[in-house]
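Working notes, beginning with the structure itself.
The values are calculated or read from the model by the stated rules, or taken from the named source; none is laboratory data. None of the values given here were measured: they were computed from a predicted structure. Note: ideal-geometry Cβ built from the backbone for every residue, glycine included; neighbour counts use all protein chains shown.
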Amino acid sequence: MFEVIPAIDLKGGKCVQLRQGRASDVIFSTDEPPEEIARRWVALGARTLHIVDLDGAFRGTLVHFQQIKRILEAVHACSSKCKIQVGGGIRDYESAEKLLNAGVERVIFGTVAFRRPEVVRAVAEDFSKRRVMVALDARGGKVAVEGWQHTTEIGVREAAKHAESIGAGSILFTNIDVEGLMRGVNVSAIREVVRAVSVPVVASGGVSSVEDVLAVCDAGAAGVVVGSALYTGKIDFRSAVDAVVAHCSQVVATTPAQQASVSERKEVEVRTERKRRRQDSNL
Ligand code: AMZ
């Protein structure tokens, strides 16, 4: 039950990829309209698209709403199955409401989850937890906010528990230290977040090969967001999905039933781990 999720990061109306989230460090940019790119991912079989309004995250307010609406229209015209999650600049209830009512499946809260958690709680209550994802963007093990320009003192484990307690139905864990570098993922950091919560965790940052995708899967995540590696040709989307299917003998996941199954799998893992520890201590 593991999903490979293509990213479409928007900056100045274009689909881009940044190195470690720095606005000035653009490693990929294209003039191809983002809705065309979205259509292509859907045609290749993507079940979820991950849209980030980068200007929104930097400025603290939604900037690309019209562009996101065009992506929604394009995607829904060719598939009823593909879901869209959006993050970046969603700092109040109204922005989240606008996106959810426009057909976005899930909104992603970063900064506001730590600055005004009541906003996240209200959206989870009014629209359901399933439609709320909280982003933990970690630099050196601490949560970064405001377009990653400010690093807080909040540790990742604590932040993950906080996210769950305020109504996150899922968590996006991005490791900024490896983001955009395409040098591999930090599996133990992902596993730490997965173990801290019972909701599904989607990981991102550093993915550079199909092996990385499978390593994220083995760390217990429910999915992986891939950006730079897809746009620079380091990973072929179909090959990655096929490898996941062969590896896990399970496919693509984010429906509530599939998420429940991920939680069940985690419970079994936790029970097995407890049993192992008990046996170890008896030896
Ligand atoms: O690349 C960046 N500098 C960046 C980025 N990709 N800054 C924020 N974000 C993403 C987070 C999350 O999905 O991963 O934007 C969202 C959080 O934005 P906000 O505005 O809620 O803090």
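Miscellaneous remarks
- From GLY89, GLY13, GLY21, residue being touching a residue at least 12 places away in the same chain (Cβ under 8 Å), at positive phi and surrounded by fewer than 16 Cβ atoms within 10 Å (Cβ to Cβ): GLY13
- Count of the stretch 33-77 residues, restricted to those that are of a type in the set (Phe, Trp, Tyr) and within 16 Å of the ligand (Cβ to nearest atom), is 2.
- Among the numbered conditions (1) polar (S, T, N, Q); (2) at pLDDT below 95; (3) within 23 Å of VAL207 (Cβ to Cβ); (4) more than 16 Å from the ligand (Cβ to nearest atom), the only one that SER80 does not meet is (3).
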